[in-house]
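No value in this document is a laboratory result; all are computed from the given coordinates. Given the structure is predicted, the values throughout are model-derived calculations rather than measurements. Because the Cβ atoms are built from the backbone with ideal geometry, glycine has one as well, and the counts that use them run over all protein chains shown.
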Amino acid sequence: AAYLDRIEALNPALNAFITVDREKTLAAAQAADARRAGGDTGALVGVPVAHKDIFCQQGWKTSCGSRMLDNFIAPYSANVIEQCDAAGLVSLGRTNMDEFAMGSSNENSYYGAVKNPWDLAAIPGGSSGGSAAAVAARMTPVATGTDTGGSIRQPASHCGITGIKPTYGVVSRYGMVAYASSLDQGGPLAQTAEDCALMLNVMAGFDARDSTSLERAKEDYSRELNQPLAGLKVGLPREYFAEGLSADVARVITAAVAELKKLGASVVDVSLPNTELSIPAYYVIAPAEASANLSRYDGVRYGHRATEYKDLVEMYEKTRAEGFGSEVKRRIMVGSYVLSHGYYDAYYLKAQKIRRLIANDFTAAFGDCDVILGPVAPTAAFNIGEKSGDPVQMYLSDIYTLSVNLAGLPAMSVPAGFADNGRPVGLQIIGNYFAEAKMLNVAHQFQ
Ligand code: GLN
């Protein structure tokens, strides 16, 4: 109830939540109380959580930030939601996001921009900006998010909180609205690495309903939190500290590395030579997959349907013209173009080859170090409106996050300090495949 009151007080200014349902939440809280009273000692029983509006949640509007799904009440729950419910987490509501998770600033939501709690003139980051802002403003202790090209790490960094994107395939995508299926991965946002570990314990696990879910035994992601960092080898990719990185973010990251050295880590230089190509490769592959995934919104099956049309084709056209926002339309056009006959080899196939080179870069780098450190974004949060008119500028700000998704690796953002303008700056920790526990260990010791 206290969290619901806080949401009611702060949401008009922050716009972090799309849907809140006091009755449903209080009923779930009562059920959790009953579980506690019955002797259930589960770590998260009764802990409130806010879910990104991308996870289908039975009986709740699941809009994905789009007019297209503004009338969609999910008839079933995503695997992530099922697991959170089973663990006794109490759902506080549904958080705002860029439409279909396309964006880096949360300005692409049908429900309006989210404000950064540290500075209402600033973007909270995207696409999980509502989740990040909600945790930062203490409207919820933990939240769920998804990361296709940075959407957990970048808003976590901009809002001064912690977020982790697991190895691709660790968290089930069942019931998570698809953006770019080969890149999408769910994960938690929370105040600390420890809370992220507890949440990941709940969210991760094999699910036969997602064909890319990995058949691995459940693990305890908190098991290494208290290990000392003596002997840890951290790699600093020279391409992440080159032109384009703002001086104040560089200052914060350099100080963070010095702190880790004090804790016993040693530093090695590594190289990720294809970093620059991650932007063109990602912005071919992600729109290509999005153009296919979004073909399901045809006005027939579910979601928005235009009211006036003369035939089926016009119904499709009007439905999609009305239901999708301009960034989503841009991605569908780019995606359809790069997949079309005659351009497929030149763009899509080439991007897939670059994707392999990027993954190989990481494999080589992890030969010399345990984790890779760097910035999450080139600058701290920019102002609302600053980049919304220039999609290429917006895409370029994703330079340090995209490669991780193209390679399928786990990575996280942990608060590291403040930019010259007082806005938070996160440190990115990238791990080898399945090194989540190690990354959380580094983050926990650092925090
Ligand atoms: N900013 C990137 C995009 O717009 C990443 C978004 C995400 O991770 N969902 O595609």
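Along the chain, the longest continuous region that contains none of the chymotrypsin sites (Phe, Trp or Tyr not before Pro) in a DSSP loop with at most 14 other C-beta atoms within 10 Å is 77-342.
The GluC sites (Glu not before Pro) of the range 189-266 meeting both criteria, a DSSP state outside H, G, I, E and B (loop) and at most 15 other C-beta atoms within 10 angstrom of the site's C-beta, are Glu215, Glu219, Glu243. Under the simplified labelling scheme, the Lys261-Ala13 pair shows an inter-label distance of 4.0 nm, with each label point 7 Å from Cα along Cα→Cβ. Charged neighbours of Asn79, selected by a Cβ distance under 12 Å, balance to -2 (K, R count +1; D, E count -1).
Residues His158, His304, His341, ranked from the fewest to the most other C-beta atoms within 10 Å, line up as His341, His304, His158. Spatially, the range 323-377 and the range 387-447 are offset by 17 Å when compared through their Cα centroids.
For the range 223-255 and the range 1-74, compute the distance between their C-alpha centroids and round to whole Å. What the calculation gives is 35 Å, centre to centre. Ranked for footprinting exposure by Cβ neighbours inside 10 Å, fewest first, Val142, Val300 give Val300, Val142. Would you please classify the overall shape of the range 2-203 from the alpha carbon gyration tensor, given that a ≥ b ≥ c denote the square roots of the eigenvalues, rounded means a/c under 1.5, and beyond that prolate means a/b larger than b/c while oblate covers the rest? Verdict is rounded for the range 2-203. Each Cα pair under 8 Å and six or more residues apart adds its sequence gap; the mean of these over the residue count of the range 395-447 is a relative contact order of 31 percent. Measuring between their Cα centroids, the range 146-181 and the range 84-139 lie 12 Å from each other. Within the shell defined by Cβ-Cβ distances under 15 Å, the residues around Ala34 carry a net charge of -1, with Lys and Arg each +1 and Asp and Glu each -1. By the rule of a C-alpha distance below 14 Å, with chain neighbours fewer than 8 residues away ignored, the aspartates and glutamates paired with Lys353 are Asp345, Asp361. Considering only Met315, Val404, Tyr344, and ranking their Cα positions along the charge dipole of the range 295-447 that arises from unit charges at the beta-carbon of Lys, Arg, Asp and Glu, the one farthest toward the positive end is Met315.
Straight-line cross-link reach from Lys318 at under 21 Å between alpha-carbon atoms covers these lysines, not counting any fewer than eight positions away in the same chain: Lys310, Lys329. Could you tell me which of the pairs Lys115/Lys261; Lys261/Lys438; Lys52/Lys262 are separated by over 27 angstrom between their Cα atoms in the structure shown? The answer is Lys115/Lys261; Lys52/Lys262.
The distance between label points at Asp390 and Arg238 comes to 2.9 nm (points 7 Å beyond Cα on the Cα→Cβ vector). Computed about its Cα centre, the charge dipole of the chain is approximately 200 debye, with only Lys, Arg, Asp and Glu carrying charge at their Cβ. Counting only the Cα atoms, the chain fills a convex hull of 138 Å³ per residue.
With both labels modelled 7 Å from their Cα along Cα-to-Cβ, the Gln58 to Asp70 distance reads 2.9 nm.
What number comes out for the charge environment of Pro117, summing +1 per Lys or Arg and -1 per Asp or Glu over other residues with Cβ under 15 Å away? Result for the local shell: +3. The mean sequence separation of alpha-carbon pairs under 8 Å and at least six residues apart, normalised by the residue count of the chain, gives a relative contact order of 18 percent.
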